[in-house]
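Below is one structure, written out as structure tokens; the observations come after it.
The values are calculated or read from the model by the stated rules, or taken from the named source; none is laboratory data. As the structure is a computational prediction, the values presented were derived from the model and not from experiment. No Cβ is skipped: glycine too gets one built from the backbone with ideal geometry, and neighbour counts run over all protein chains shown. SASA here: full protein model, heavy atoms, side chains in, ligands and nucleic acids out. Shrake-Rupley method; radii C 1.70, N 1.55, O 1.52, S 1.80 Å.
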Amino acid sequence: MALCFMEGNEAVAWGAKIAGCRFFAGYPITPATTIYNAMLAFLPPEGGVCLQGEDEIASMGFCLGASMAGAKTMTATSGPGISLYSEHISFAIASEIPLVIVDVQRLGPSTGSATRGADGDVQFLRWGNSGGQPVIVLAPTDVADCVTLTVHAFNLAETYRCPVFVAANKEISMTKESIDLEKLPIPKVVNRKTAPEGEAYIPFAVSEGSRVPDFLPIGADRLVRQTSSTHGEDGYLTVDPSTIQRFQDRRQEKITAAVDDFTFFDELPAQNADILLITYGVTARAARTVVAKLQAAGEPVALLVLKTLWPVPEALIRQKTQGVKRVVVAEMNMGQYLHEIQRICCDRTVDFIGTMDGNLISPARIEEVLSNG
Amino acid sequence: MDSLLNPQRPPVFCPGCAHDQVTKALDKALINMNLAGNQVVLVSDIGCSGLFDTFFNTHAFHGLHGRALTYATGLKMTRPELTVIVTMGDGGLGIGGAHLLSTCRRNIDLTLLVLNNFNYGMTGGQCSSTTPQEATVGSGFLNQIEKPMDVCKVAQAAGAAYTARSSAYRKNLPEAIEQAIRFNGFSLIDIWGVCPGRYTKRNKLTPASIEAQISEMPPADGPVEENQRPEYGSSYREKSAAQKAPSPPKTIEARFSAPETGRQEVMILGSAGQRIVTAGELLCLAGLTAGLRATLKNDYPITVLRGHSVSEVVLSDEEIDFTGIDSPKVVLALAQEGVNRKKSIFGTLADSARVFKAREVDLPATAADVVEVDFKALGIRPPDRALASLALMAGENRVLSVEMLKKALKTRFKGEVLEKALALVQKEMR
Ligand code: SF4
């Protein structure tokens with residue numbers, strides 16, 4: 001056996017490299033800076049581009065330009081940066097620009113604490129765009145996930161032409177960990193579908209049976225139009241209500257209707273479990289410790305670790321909560337994903353374990369709540 | 001070459017709008033340059049000038065207010081062969097001020113046409129960053145107490161290699177635009193024009209008065225001598241080609257067996273300058289040489305040269321789930337700052353836990369077995385104390401062995417640094 005030793009941020013960069021990332025732009029911010037450092041080390045020698053924007057808004061602007069020019073693109077920041085990304089997140093959603101955005105979450109609100117972890121941006125990532133259209137958010141639990149979910153994030157961005165978030169946490173991203181890179185289940189790399197040759201190119205037209213427009217880069221032989229304004233198939237402004245609504249529906253459905261294809265999760269199942277603990281991110285690790293211990297002692301407790309947070313994998317959650325009397329949600333915030341679980345499990349008790357003090361939720365705390373329901 | 005204007009989408013500006021002149025002049029410049037539509041991308045901003053991309057049969061990118069230069073930069077860096085032209089009003093200029101300054105500093109091969117009509121036309125004629133103080137605009141008295149900026153002067157100060165000022169009505173505007181596009185670097189033309197829809201309803205401004213005003217401005221008519229330098233993209237590619245690709249992540253073979261089984265937690269409490277983080281990493285690498293899993297969490301203040309430095313290490317022969325530390329088996333208490341940071345841990349230590357404590361450090365009460373080390377007397381300087389403590393642990397076969405530590409050092413260091421580190425370990429062993 002041969003192990004490597006790396007932090008989550010290096011692992012994200014490694015995943016980006018595997019996925020074929022060619023462009024990165026960002027503005028340094030703890031705890032995401034080491035992703036930028038790693039991308040700066042590996043992109044230029046390969047002929048890729050890594051830029052440091054004058055601010056987060058510029059960095060995102062660079063990324064949108066680069067992605068529309070055909071490059072697989074990534075950026076990384078933390079909560080304060082996501083705030084500044086917001087207008088461009090909306091743009092990427094509206095105008096179907098593939099992009100991976102890593103949010104190494106740190107303790108908020110506001111500038112908060114640069115070197116303390118939290119999962120406080122989970123609803124912000126979902127709703128931090130104007131128009132409220134859906135996004136994809138994946139949440140790693142460890143360094144291995146940082147590699148594989150980053151590759152998935154690129155694949156999903158390319159497949160659905162949308163921004164995809166990796167919702168990391170300082171506690172994963174700046175924690176170094178042993179990892180067996182050889183044994184990682186690396187997904188097959190997917191590239192955006194380009195428009196067939198020889199036909200007139202209509203930038204936002206979708207072919208029969210598809211919800212995603214074929215891509216051509218700006219600079220292709222055929223002309224490409226991109227716009228952040230309300231547009232029709234031809235990429236020009238439209239005021240036609242039926243076209244506008246059709247576009248809203250299509251952008252919504254291309255993501256929500258496909259969630260079963262990218263519902264990533266882990267579990268410690270138990271026959272006839274009474275209690276299901278649902279969690280995500282770094283808290284999954286404390287949860288695993290406790291649930292494994294309780295299961296060994298014969299307790300009817302199961303664990304579900306969500307790695308796809310948005311769109312909410314409702315089918316999975318319904319299936320796993322079937323027959324369960326009590327659901328417990330643990331997350332490093334004041335109760336955010338809790339609302340999604342409560343919505344789905346509205347007919348039973350949903351208890352909550354959460355803190356936002358910069359410390360990890362401890363196994364002891366989880367055990368106490370699970371044992372004293 | 002034919003006109004690149006889109007016959008299906010003629011300009012829709014208010015009658016008499018200067019944007020019409022610029023549209024025609026830009027088309028003429030593109031015709032003169034023999035450029036095909038697919039060789040050009042028009043990046044447009046928000047406001048009336050934001051319609052520009054729709055009038056041309058070229059590639060088009062229309063985005064958010066003030067950000068046009070950022071998209072153009074991403075496009076140009078990815079496809080250097082494209083001719084990238086940005087249109088922006090005085091509104092976009094103001095809101096995207098930071099991007100303007102940075103684009104000037106970079107000198108990337110883009111051409112920015114500022115369609116400067118001294119107010120925000122589309123939103124009702126409010127003041128912009130170029131509105132004269134004496135003008136009457138839709139922002140009440142606010143423009144009277146702000147100084148308008150000279151776009152070219154600002155750009156020159158920020159390092160722009162090419163700045164020009166023109167009236168939208170000059171006959172040679174197409175040539176001026178062509179010259180700017182042909183310039184290999186960032187070129188900016190501040191094009192003054194009339195906005196009859198808003199501005200000239202309440203202010204007097206004519207092609208003649210624009211010429212008169214421009215003639216009184218400091219000159220800006222092309223390359224800025226003191227700012228001439230290589231274009232950003234070509235410099236970027238040249239420097240990139242000279243960079244060495246980083247080596248792939250190092251793998252460490254499991255070759256030894258660890259002295260202990262199960263989960264081992266170690267806490268290293270020190271201060272900045274004691275190489276605490278390095279020691280934490282060495283301990284983890286040592287674990288890897290015995291096939292152990294390892295996690296390392298570091299805690300230090302943002303000011304890296306001062307204050308506490310704490311490393312928390314977990315080693316285990318099984319997968320490590322929780323990365324926090326509940327009950328460390330070994331605590332290295334090397335500086336008061338670190339000990340103070342983790343005060344609460346000492347009360348919880350088991351009596352089987354071992355604390356190696358530097359002589360000058362005060363510890364809170366603890367049940368653990370405390371061994372005091374007089375590093376000073378041993379001649380071990382503060383930067384070496386963390387490594388020396390690992391050697392003490394190894395000497396007792398506690399968590400790691402000497403061969404594990406030596407192998408970790410060889411993985412992490414080379415040359416003289418390695419020799420010194422190994423010598424220190426050897427010294428500790430004796
Ligand atoms: S409002 Fe002013 S800038 Fe806008 S189209 Fe009318 S005249 Fe031109």
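Key figures
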| item | result |
| --- | --- |
| In the stretch A:283-303, the residues that are closer than 20 Å to A:ALA168 by Cβ and open to solvent by less than 10 Å² (accessible area, probe 1.4 Å) | A:THR283, A:ALA284, A:ALA286, A:ALA287 |
| Residues (within 11 Å of chain B (Cβ to nearest Cβ), open to solvent by 50 Å² or more (accessible area, probe 1.4 Å) and assigned to a loop (DSSP other than H, G, I, E, B)) located in the stretch A:168-220 | A:MET174 |
| Count of the stretch A:100-132 residues which are part of a loop (DSSP other than H, G, I, E, B) and open to solvent by less than 10 Å² (accessible area, probe 1.4 Å) | 2 |
| Answer residue from the stretch B:218-259, given it is surrounded by fewer than 16 Cβ atoms within 10 Å (Cβ to Cβ) and over 36 Å from the mean Cα position of the chain (by Cα) and is nearest to B:TYR162 (Cα to Cα) among those | B:GLU253 |
| Residue ranges of strands (runs of 3 or more DSSP E) in the stretch B:293-360 with at least 2 members of a type in the set (Lys, Arg) and in contact with a Ser or Thr (Cβ under 9 Å, 6 or more places away or on another chain) | B:293-299 |
| Residues satisfying the stated conditions in the stretch B:168-177, i.e. part of a helix (DSSP H, G or I) and open to solvent by 30 Å² or more (accessible area, probe 1.4 Å) | B:GLU175 |
| Residues located in the stretch B:184-224, provided they are in a loop (DSSP other than H, G, I, E, B), within 16 Å of the ligand (Cβ to nearest atom) and not small (Gly, Ala, Ser) | B:VAL194, B:CYS195, B:PRO196, B:ARG198, B:ASN203, B:LYS204, B:LEU205, B:THR206 |
| Of all residues in the stretch B:122-167 being among the polar types (S, T, N, Q) and closer than 19 Å to B:ASP109 by Cα, the one that is surrounded by the fewest Cβ atoms within 10 Å (Cβ to Cβ) | B:GLN156 |
| Residue within the stretch A:195-202 that is among the aliphatic types (A, V, I, L, M), more than 17 Å from the chain's Cα centre (by Cα) and either modelled with pLDDT under 95 or within 19 Å of A:ALA284 (Cα to Cα) (or both) present | yes |
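Here is a yes/no grid of residues against (1) facing chain A (nearest Cβ under 10 Å); (2) farther than 30 Å from A:PRO44 by Cα; (3) open to solvent by less than 10 Å² (accessible area, probe 1.4 Å):
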position: B:CYS17; (1), (2), (3): no, yes, no
position: B:LEU26; (1), (2), (3): no, yes, yes
position: B:ASN34; (1), (2), (3): no, yes, no
position: B:VAL40; (1), (2), (3): yes, no, yes
position: B:ARG67; (1), (2), (3): yes, no, no
position: B:THR73; (1), (2), (3): yes, no, yes
position: B:GLU81; (1), (2), (3): yes, no, no
position: B:GLY92; (1), (2), (3): no, yes, yes
